[in-house]
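Chemist: First the structure, then my questions, so here it is.
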Amino acid sequence: MVGLSTDVAGIVTQVLVHDNQKVAKGEILFKLDPLQFHLALDRAEAQVGNTRNDLVALQASYRNMQAQVDQAQKDVDFNMVNFQRQEQLIANNFTPKATYDAARNTLQGSQQKLASLQQQLAGLAANLNGDPDASIENHPKYKDAVAARNEAARQLAHTVVRAPFAGIVTNVPSLQPGQYLAAAATGFNIVSTDHVWVQASPKETELTYVKPGQKATVEVDTYPGQQWIGTVDSISPASASSFFVAAGGKYQRQLGQGGAANTDARQRRQCARKTSIARWNERRAKRGD
């Protein structure tokens, strides 16, 4: 038996099955109000578009800045030649010192402008993940926006709860339209009809020749005289009661005799819930049937 739940929270709008109904794998069982999840998906879709536009604009800014850097480099080269000419002229007193100073100041200004533009270009390249020519779809910001969109779509899809396998739904009336269902909270249960197994607790002496893969005859108290043929799937290294005894000892040490009594009560209730008893014929097992 599996509890049916979903990992999103919301108001139940529809319960599409009734108690003890047989359902197929993938059949819709109940739905949550999808409005808030539709809005979240629309917001995430818009963010993907905004991110794409921002990155396209950033690439354009990078190309524009690159052109400015190229022009600034040309200005520096030109001003360097002019300054060197003025150095030669002033060495021979063929030019006023003011003209020389102006050429030097122009050169220094162009050099500072080039350095500033180069820093801005490096910042734009960093915002483009170091590769301005790369596809926008490979940029981390775009991938993050797409992942957020996909998560919103996943949550919207999980407002529709489907049967994980074929089975019979139980305790359906515990979930009603209008009820708020917390994330991971169980709405109702489903019992598989695809794979039926029986947990048996035979005596140790009855397990001497039992091995996985052997045929077994199964009898259920609910149906007296009826038998089913099954196959031994596995053998536990200890019985369920052994685990209960260990748990009882732990609770007794922690809580005293009262805790042990509570554990014994739980054990009795657990045993009472078992409706299936498997019997192996030792003689048949010895023959390997």
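Chemist: Taking amide H positions as placed 1.01 Å from N in the peptide plane, with prolines and chain starts having none, which residues 5 or more places from Phe30, or on another chain, fall under 5 Å of its amide H?
Modeler: Leu16, Val161
Chemist: Starting from the Cα of Gln118, move 7 Å in the Cα-to-Cβ direction to define the label point; list residues of region 81-103 whose amide nitrogen is under 17 Å from there.
Modeler: Only 81 fall inside the zone, counting backbone N under 17 Å.
Chemist: What FRET efficiency do you get for Leu89 and Lys141 if R0 is 41 Å and r is their Cβ-Cβ distance, rounded to the nearest 0.05?
Modeler: 0.15
Chemist: Please compute one quarter of the surface area of the Cα convex hull for region 41-109 and express it in square nanometres. Display every interim value, and only then the final one.
Modeler: Values: hull surface 22.4 nm².
Quarter of the Cα hull surface area: 5.6 nm².
Chemist: Using 0.36 nm per residue, how much length does the chain from Ala134 to Gln108 gain when fully extended, once their Cα-Cα distance is taken away? All intermediate terms of the calculation are to be shown ahead of the outcome.
Modeler: On the way: separation 26, 0.36 × 26 = 9.36 nm, distance 3.52 nm.
Separation in residues times 0.36 nm, less the Cα-Cα distance, equals 5.8 nm.
Chemist: Quick check: pseudo-label points 7 Å beyond the Cα along Cα→Cβ at Lys215 and Gln21, how many nm apart are they?
Modeler: 4.0 nm
Chemist: Kindly write out, for region 198-204 in residue order, the coupling ³J(HN,Hα) from the Karplus curve 6.51 cos²θ - 1.76 cosθ + 1.60 (θ = phi - 60°), rounded to whole Hz, with x marking Gly and Pro.
Modeler: Once θ is set to phi - 60°, the couplings for region 198-204 become 10, 9, 10, 10, x, 6, 4 Hz.
Chemist: Taking amide H positions as placed 1.01 Å from N in the peptide plane, with prolines and chain starts having none, which residues 5 or more places from Phe188, or on another chain, fall under 5 Å of its amide H?
Modeler: When sequence neighbours closer than 5 places are left aside, the close amide H contacts are Leu4.
Chemist: Now for a different question. In percent, what relative contact order does region 39-150 have, based on Cα pairs under 8 Å that are 6 or more apart in sequence?
Modeler: In percent, rounded to a whole number, it is 45.
Chemist: Okay, next question. Multiply the residue gap between Ile168 and Asn50 by 0.36 nm, knock off their C-alpha separation, and tell me the result in nm, one decimal place.
Modeler: Stretched fully, the Ile168-Asn50 segment lengthens by 37.8 nm.
Read-outs throughout are calculated quantities, based only on the coordinates presented, and are distinct from any laboratory measurement. As the structure is a computational prediction, the values presented were derived from the model and not from experiment. For neighbour counting, all protein chains shown are included, and Cβ atoms are generated from backbone atoms with ideal geometry for every residue, glycine included.
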